[in-house]
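Worksheet: one structure, shown below.
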Amino acid sequence: MRFTRTLFQASQKVTTGIVGYPVNASARPELIQLYKKTLDELKTKIPEKAAYRQSVEAFTTHRLKIAEENEDVAEIEKLADAGQIEELISQAQDEIKLISKMAEWRAWEPLEDQIPPRQWEYFKKAPSTE
């Protein structure tokens, strides 16, 4: 029994090593719940044709699948390739906040004022003469 307890304790993360990100003991269930909430918020607030919705749905669905299929937090972190699970939770919380802002801004609608001709030309790089 002692040997098992030692192995169990060794498998538990003690610190994230990131200031402001304490270890979350129930990170996986919380992450899954946040991803499901994100998808629900997208469906109710953002039109289906909006590029923002399509993009967020794609990566959220991908990450949700990873979190649901893997019990091991280290494996989720490795497959998601976007930081520690605590960071993934923070990103999901921020995305939920952004969905509300995007719905308020209605960013998918055409601009009220048309863009002036040649507005972005000064960003173009001059052709190289070399």
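The values are calculated or read from the model by the stated rules, or taken from the named source; none is laboratory data. Quantities reported herein were computed from a predicted structural model and do not represent experimental measurements. We place every Cβ from the backbone using ideal geometry, glycine too, and count neighbours over all the protein chains shown. Accessible surface areas use protein heavy atoms only, side chains included; no ligands, DNA or RNA. Shrake-Rupley method; radii C 1.70, N 1.55, O 1.52, S 1.80 Å.
The stretch between H62 and D81, if pulled fully straight at 0.36 nm per residue, gains 5.7 nm over its current Cα-Cα span. Charged side chains reduced to their Cβ positions (Lys and Arg at +1, Asp and Glu at -1) give the chain a dipole of some 180 debye around its Cα centre. Quick check: the angle from helix 27-45's long axis to the longest principal axis of the chain, C-alpha only, nearest 10 degrees? So the inclination is approximately 30 degrees. Based on C-alpha pairs under 8 angstrom that are at least 6 apart in sequence, the stretch 13-77 has a relative contact order of 31 percent. Against the chain, whose longest principal axis is taken from its Cα atoms, helix 2-11 shows a tilt of about 10°. The phi torsions of the stretch 73-83, fed into the Karplus equation with coefficients 6.51, -1.76 and 1.60 and a -60° offset, translate into couplings of 4, 4, 5, 4, 4, 5, 6, 5, 6, 9, x Hz, rounded to whole numbers, with Gly and Pro shown as x. For the residue pairs K65/K101; K43/K97; K45/K97; K43/K65; K13/K101, alpha carbon separations beyond 23 Å are given by K65/K101; K13/K101. In a simple Cβ point-charge model (Lys, Arg +1; Asp, Glu -1; nothing else charged), the stretch 28-74 has a dipole of about 300 debye relative to its Cα centre. Taking the longest Cα principal axis of the chain as reference, the axis of helix 51-69 is set at about 10 degrees.
Between the stretch 59-130 and the stretch 16-34, what is the separation of their alpha carbon centroids in Å? First find each Cα centre; the distance between them is then 20 Å.
Among the listed values [x] 82, 30, 22; [y] 75, 49, 26; [z] 38, 28, 26, the one computed from these coordinates for Cα extents along the principal axes in Å is [y].
For the chain, the solvent-accessible area with a 1.4 angstrom probe is 77 square angstrom per residue.
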